[in-house]
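Each remark here refers to the structure printed beneath this line.
The values are calculated or read from the model by the stated rules, or taken from the named source; none is laboratory data. Small disclaimer: the values here were computed from a predicted structure and weren't measured. All Cβ positions, glycine included, derive from the backbone under ideal geometry; neighbour counts span all protein chains shown. SASA here: full protein model, heavy atoms, side chains in, ligands and nucleic acids out. Shrake-Rupley method; radii C 1.70, N 1.55, O 1.52, S 1.80 Å.
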Amino acid sequence: MLRFYPFADFEDMSERSHSEVSDRSYRAPVDITEDAAGIHLSVYLPGVDPEHVYVNSEQNSLSIRAERPFERDENITYHRMEGAYGSFARTFTVPSTYDLNKTEANYKNGVLHLFVPRSEASKPRKIDISVS
Amino acid sequence: MLERLERFLPARRQRLRQDMERAFERFFDNPWSLAEFEPALDLEDHDDHYTLKVDVPGLKKEDLSVTLEGNTLIIEGERKEEHKRRRVSEVYYGSLYRAVTLPEDAKPDGIKTRLGRGVLEVTVPREQHEKHTIEIVEAD
């Protein structure tokens, strides 16, 4: 399940493919940005009920799972169904310089926003020089 | 099902033509705006209305417009480029455009739109026709 990324040099945050992903699952687009505070992930999940979005962090991996069930109504004729329905899962490996325990998640306008702050230890700090 | 679907087929052809015309117009207006993204569309046929659902995650009301030109429903939007350094970018930034030619029984009055959870829903009421059975006369 490898896909070409224009940002192939992004070694810090590799993604592992999921073995449990069924044929019905789809791949939601992700934007990843980084600033002095940490990593920001935007996962595009249109039509997903926030109750059906699950974010898990374990050791150095961040997993996102979401469901958009398709409820077929017998009284409706479906002419076009281009929207993605089913289940969705993606896992990212986050370097230890970020603190996954402090991950913040927020779902708005069909986009799941995740923020992983830089760990305290990795933040630049001034080292005092003692003059003897 | 097939008969009902048939009504959308000429619409598709027309749409293609309109899209082409539009692309030309746009090209002369602004050659850089030619690249447009077509968002995913669901088209449902209910007894008394049609429902169009367009996936527009992350877009707000002010980023979108819905217009009716003749019997063509046009959905346009713009995802603005943020000035942040993106390391991975899989979503389309720029303008999006989708046009659908409505079937004959679609009523232009009373079209309703709703934006929620990144999905723009457009409800188009349908003309209610009574069914008449036409008698077949057998020739001798």
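Over all pairs of different C-alpha atoms in the stretch B:30-125, the reciprocal of the mean inverse distance, the Kirkwood hydrodynamic radius, equals 14.5 Å. Counting only protein chain heavy atoms and rolling a 1.4 Å probe, the accessible areas of B:S65, A:S132 rank, largest first, as A:S132, B:S65.
Taken residue by residue and averaged, Cβ atoms of other chains lying within 10 Å of the Cβ of B:44-52 number 3. Separation of the stretch A:79-118 from the stretch B:71-140 is 29 Å, based on Cα centroids.
Distant-in-sequence amide contacts of A:S61, defined by a placed amide H-H separation under 5 Å and a gap of 5 or more residues or a different chain, comprise A:V94. These residues, A:I129, B:I75, go from largest to smallest accessible area, 1.4 Å probe, as A:I129, B:I75.
Note: relative contact order over the stretch B:30-125, using C-alpha pairs below 8 Å and six or more positions apart, is 33 percent.
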